[in-house]
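The values are calculated or read from the model by the stated rules, or taken from the named source; none is laboratory data. Note that the structure is a prediction, hence the values are computed from the model and not measured. Virtual Cβ from ideal backbone geometry, glycine too; neighbours counted across all protein chains shown.
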Amino acid sequence: MSLAVTFASRREVGAGLVLVAAIAAGALLCKPWSRPLPSLAQSHAGTSAGARPSTQVKRLSCEPLADMPGKVVTTLQVDFPPNGYTPAHRHPGAVIAIVLSGQVRSQMQGRPAQTYSAGQSWFEPSRELHLFAANPSASEPARLLAVIVSDEHCGPLVIPEPTAGHRH
């Protein structure tokens with residue numbers, strides 16, 4: 001396979017995931033009657049997070065993708081209290097994170113940390129190490145929408161990294 005074909009395929013996959021994220025975000029914003037799934041609040045407390053407050057995660061939906069047999073798209077609302085922090089972890093599928101309010105500082109392995117504001121997004125390839133995500137504000141909360149394309153089940157979507165020793 002040539003590099004040009006590989007690049008084009010990755011670009012097409014990325015564009016497809018952005019489209020899925022846009023559709024999911026639109027469905028959430030345009031259909032307030034949609035019934036959210038029960039809260040999946042997850043504590044990421046541990047030595048790497050220290051005394052910082054943890055994020056709260058709420059699953060909003062999990063739907064099969066008709067055009068991609070065996071795959072589902074899950075939307076999660078992730079709330080960061082002031083100084084909120086999520087330590088190193090992975091996801092079992094590709095993720096697009098879209099900041100809805102406030103700011104979120106995030107770092108993927110091998111890339112510099114970056115601060116994202118409302119309306120900005122980032123992509124996480126399946127199972128790639130997400131070193132941390134944090135709310136850099138000491139006074140304002142932050143919220144993001146995570147759109148995850150994963151295998152057929154709607155099971156656990158966060159895989160904690162056991163040796164997470166990063167603090168940001």
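Condition (residue is assigned to a helix (DSSP H, G or I), exposed (fewer than 14 other Cβ atoms within 10 Å of the Cβ) and at pLDDT below 50) applied to region 45-58: is it met by at least one residue?
No, because not a single residue in region 45-58 is assigned to a helix (DSSP H, G or I), exposed (fewer than 14 other Cβ atoms within 10 Å of the Cβ) and at pLDDT below 50.
Counting only residues that are part of a loop (DSSP other than H, G, I, E, B) and at pLDDT 95 or above, which one in region 129-160 is nearest to the chain's Cα centre (by Cα)?
LEU129
For region 60-119, what are the residues that are in contact with a Ser or Thr (Cβ under 9 Å, 6 or more places away or on another chain), among the acidic types (Asp, Glu) and not in a strand (DSSP E or B)?
Result: no residue meets the conditions.
Keeping to region 132-166, report how many residues are under 21 Å from PRO112 (Cα atoms) and surrounded by fewer than 21 Cβ atoms within 10 Å (Cβ to Cβ).
Total satisfying the criteria: 8.
Would you check which residues across region 63-104 are surrounded by fewer than 22 Cβ atoms within 10 Å (Cβ to Cβ), at negative phi and of a type in the set (S, T, N, Q) and list them?
Those that are surrounded by fewer than 22 Cβ atoms within 10 Å (Cβ to Cβ), at negative phi and of a type in the set (S, T, N, Q): GLN77, SER101, GLN103.
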